[in-house]
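Here's the structure we're looking at; comments come further down.
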Amino acid sequence: MNMFASCMITALILLILPIMLSFTKLYKNKLYPQYVKTTTSYAFMITMIPTMMFIYSGQEMIISNWHWITIQTMKLSMSFKLDYFSMIFVPVALFVTWSIMEFSMWYMHSDPYINRFFKYLLMFLITMMILVTANNMFQLFIGWEGVGIMSFLLIGWWYGRTDANTAALQAVLYNRVGDVGFMITMAWFLLNLNTWDFQQIFLTSNNNLDLPLFGLLLAATGKSAQFGLHPWLPSAMEGPTPVSALLHSSTMVVAGVFLLIRFHPLLEQSQTIQTLTLCLGAITTLFTAICALTQNDIKKIVAFSTSSQLGLMIVTIGINQPYLAFLHICTHAFFKAMLFMCSGSIIHSLNDEQDIRKMGGLFKTLPFTTSSLIIGSLALTGMPFLTGFYSKDLIIETANTSNTNAWALLITLVATSLTAAYSTRIMFFTLLGQPRFTPMILINENNPLLINSIKRLLIGSVFAGYVISHSITPTTIPQMTMPHYLKMTALAVTILGFILALELNLTMQGLKFNQPSYYFKFSNLLGYYPIIMHRLTPKTSLTMSQSSASMLLDSIWLESVLPKSISYFQMKSSTLISNQKGLIKLYFLSFMITMLLSLMILNYHG
Amino acid sequence: MSIVYINIFLAFLSLLGILIYRSHLISSLLCLEGMILSLFIIIPVTILNNHLILVSMIPIVLLVFAACKAALGLSLLVIVSNTYGTDYVQNLNLLQC
């Protein structure tokens, strides 16, 4: 039992070590990236020990280190929760990060600030570890904000580029909107349950939990790019490919899903929030899958694929299966990071070309990248007995056999087939056919750094699903019996997506590109959501405030209300009802005659 | 005759003058002023003779209204004179030029 705590703390301190040494001469060393990479690999191997101890004995541990402060009746201390979720996620995250660090030693090797890049990656990893192992909401929030800040710094890595700065700012703003939800939850827990510790929250919560759970859902929407707060994720592809592979596919964007998974005892009690989660995830997964169909940038397609899988995870939480969602997080990390690394390899080989319309014919020239891209795409779509199958197929089966919202289920199935469609599109355009890039490029993938890193994730993509799902303790009972058509649904829609996309691509190969239809424009411009939200809302509020500040008092109350309105009204009505001919003398004379007549009659009568 | 009788007679004569005029609008305005003047004489004489103290503010109010009236009438005259050059009453028709 002693090894459990000491190994985890050792691993965490090991990760902090290169950061602390960045004030020394080691940081200026050319081998600093190598040191960081080996540190991460050693941390991975050390954390495998507590993980295997946990799998064997099933015992969880909470390390409560340091009592920080007691505010009135609430005690805040630094505590680590090493339970099922964190124990399995930490080795997976460290493994993926190790591979990505080795990959970025190849990808960024010509960058003069590569040491700083690795320091940022490591700081991101540390804050992610803090987030995952936190036992109270305050520590989780530290990790939460930490990953947000590192995401900002890493997206804007090439800060000379305007688009990168805009994308980084967009990421921070959208995450901030989600953080408001987190604040609401923290405040509610503080006021009603007087604590931020998970154990006390789960024990003492028995009242109406809709408000804090809605706050958590909002936080997850912001961090995991669900529909409504999603545009930052495709824009975040402005950062270097290792950043996209680490942050925006495997690790940071699952923080929102991880938060919801952590609070699953509370989520089970509220039916409203579960339905809301389900519908939100379903909308996200369908919408981003539609948007992915017509994008031309390879990184954006993979980013939308990430967003779609995140929606699937949220759907899983919505049908009250947190353990399945967690399994999907762990398996998804492998093949998504590998997909990003393969696209990074293609981009670098083609001399920084990211448009798939200018790629092609890489099947024979980049064999290793080709095979890993194909295996990664197959794992993504849930081909039987690859990694994605163990989590994704289980999710679809459970959704099919549970008493749930039929519309959300249908949309999820459509999105599953679209997953196969855009994966086929990537493979078709980048790998098959004749080359469409300029011929004066040296295509070389023979670097051991690249090959080894992708190879590790390749083995993970093929075997990790089997290994993980047969090693972990059984949690919820999966559905054992169902009709054969329900069992085959996921496979059938995936094959349908593959065949349809392949047929369309092959048929339309030589034809002229006609004018884009409305559906194409909807899909290509991301459903018009960024265009509307980023322009219309600020313009409306600015116009309203300008008109109320400058026009309301001066030109309306002082000018228009009485003077101008009276004259305008009189003119309008007089032109409207004038049918006189202006015979003034006649009118006056008639008035005078009437008066004289009345006077005379009254005189003689009285 | 007493002063009130003369002024009453003058008021009605001026009313006749307002309603009957030949061409110039300004003659109507002048008779209006005359009517107001005669009314303005009648009222304080009546008040002072019959010791109606509380009504003594009426002549001042009348004066204020008379000033407004005269100003409005003169401004209308000026507008007509600006567009037509004279204040002939035959000019006030529906022609839009």
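Does the range A:171-218 hold any residues that are over 29 Å from residue A:248 (Cβ atoms) and acidic (Asp, Glu), and which are they? Correct list: A:197, A:210.
For the condition in contact (Cβ under 8 Å) with a residue 12 or more places away in the chain, surrounded by 17 or more Cβ atoms within 10 Å (Cβ to Cβ) and outside any helix (DSSP H, G or I), what is the one hit in A:80, A:85? Step by step, each of A:80, A:85 is checked, and only A:80 is in contact (Cβ under 8 Å) with a residue 12 or more places away in the chain, surrounded by 17 or more Cβ atoms within 10 Å (Cβ to Cβ) and outside any helix (DSSP H, G or I). Tell me the residue from A:567, A:590 that is within 14 Å of chain B (Cβ to nearest Cβ), part of a helix (DSSP H, G or I) and under 60 Å from the mean Cα position of the chain (by Cα), please. After ruling out the rest, the residue left standing is A:567. Assess whether residue B:49 counts as being over 20 Å from residue B:75 (Cβ atoms) and either small (Gly, Ala, Ser) or surrounded by 14 or more Cβ atoms within 10 Å (Cβ to Cβ) (or both). No: the conditions fail for residue B:49.
Within the range B:14-26, the set of residues being in a helix (DSSP H, G or I) and within 9 Å of another protein chain (Cβ to nearest Cβ) comprises B:15, B:16, B:18, B:19, B:25. Residues that are over 20 Å from residue A:589 (Cα atoms), within 12 Å of chain A (Cβ to nearest Cβ) and at pLDDT below 95 do not occur anywhere in the range B:29-50.
The residue pairs whose first member lies in the range A:36-47 and is closer than 9 Å to residue A:98 by Cα and touching a residue at least 60 places away in the same chain (Cβ under 8 Å), whose second member is in a helix (DSSP H, G or I) and acidic (Asp, Glu), and whose beta carbons are closer than 7 Å, counting only pairs six or more residues apart or on different chains, are A:37/A:102.
Going by what's in this entry, would residue A:574 be described as polar (S, T, N, Q), under 29 Å from residue A:411 (Cα atoms) and either surrounded by fewer than 11 Cβ atoms within 10 Å (Cβ to Cβ) or more than 14 Å from chain B (Cβ to nearest Cβ) (or both)? No; evaluated as a whole, the condition is false for this residue.
If the condition is being out of contact with any Leu (no Cβ under 8 Å at 6 or more places or on another chain) and in a loop (DSSP other than H, G, I, E, B), then the range A:388-415 contributes A:402, A:403. Inspection of the range A:222-229 finds a residue satisfying the criterion of being modelled with pLDDT of 90 or more, of a type in the set (Lys, Arg), under 21 Å from residue A:170 (Cα atoms) and out of contact with any Cys (no Cβ under 7 Å at 6 or more places or on another chain). For the range B:53-96, a residue qualifies if it is exposed (fewer than 10 other Cβ atoms within 10 Å of the Cβ), part of a loop (DSSP other than H, G, I, E, B) and away from chain A (no Cβ under 14 Å), and exactly one does: B:85. Taking residue A:531 and the conditions (1) modelled with pLDDT under 90; (2) assigned to a helix (DSSP H, G or I); (3) within 13 Å of chain B (Cβ to nearest Cβ), which numbered condition does it fall short on, given that it satisfies the others? All conditions pass for residue A:531, except number (3). When A:541, A:523, A:550 are checked against the criterion of being under 37 Å from the mean Cα position of the chain (by Cα), without any contact (Cβ under 8 Å) to a residue 12 or more places away in the chain, in a helix (DSSP H, G or I) and more than 14 Å from every other protein chain (Cβ to nearest Cβ), a single residue qualifies: A:541. If you take the residues of the range A:492-520 that are among the small types (Gly, Ala, Ser) and in a loop (DSSP other than H, G, I, E, B), which of them is farthest from residue A:377 (Cα to Cα)? Checking each candidate, the answer is A:517.
I need the full set of residues from the range A:143-169 which are surrounded by 15 or more Cβ atoms within 10 Å (Cβ to Cβ) and under 18 Å from residue A:241 (Cβ atoms), in order please. Within the range A:143-169, A:150, A:151, A:152, A:153, A:154, A:155, A:156, A:157, A:164, A:167, A:168 qualify. What number of residues in the range A:432-461 are buried (at least 24 other Cβ atoms within 10 Å of the Cβ) and of a type in the set (A, V, I, L, M, F, W, C)? The total comes to 3. Scan the range B:1-13 and tell me whether some residue there is more than 14 Å from chain A (Cβ to nearest Cβ), farther than 29 Å from residue A:597 by Cβ and not in a helix (DSSP H, G or I). No - not one qualifying residue is present in the range B:1-13. Considering each residue of the range A:375-391 in turn, at least one proves to be more than 22 Å from residue A:315 (Cα to Cα), modelled with pLDDT of 90 or more and not aliphatic (A, V, I, L, M).
Selection of first residues in the range A:353-372 that are β-branched (Val, Ile, Thr) and of second residues that are assigned to a loop (DSSP other than H, G, I, E, B) and surrounded by 21 or more Cβ atoms within 10 Å (Cβ to Cβ), restricted to Cβ pairs under 8 Å at least 6 apart or on distinct chains, gives the following pairs, ordered by first then second residue: A:369/A:362; A:370/A:362. If you go through the range A:570-587 and keep only what is more than 20 Å from residue B:21 (Cα to Cα) and part of a helix (DSSP H, G or I), you end up with A:570, A:571, A:572, A:573, A:574, A:575, A:576, A:577.
For residue A:97, state whether it is part of a helix (DSSP H, G or I), crowded, with 24+ Cβ neighbours inside 10 Å and of a type in the set (Ser, Thr, Tyr). Taking the combined requirement at face value, the residue satisfies it.
Of all residues in the range A:219-249, those that are over 9 Å from the mean Cα position of the chain (by Cα) and of a type in the set (Lys, Arg) total 0.
The values are calculated or read from the model by the stated rules, or taken from the named source; none is laboratory data. Bear in mind the structure is a predicted one, so any value in this text is a computation, not a measurement. For neighbour counting, all protein chains shown are included, and Cβ atoms are generated from backbone atoms with ideal geometry for every residue, glycine included.
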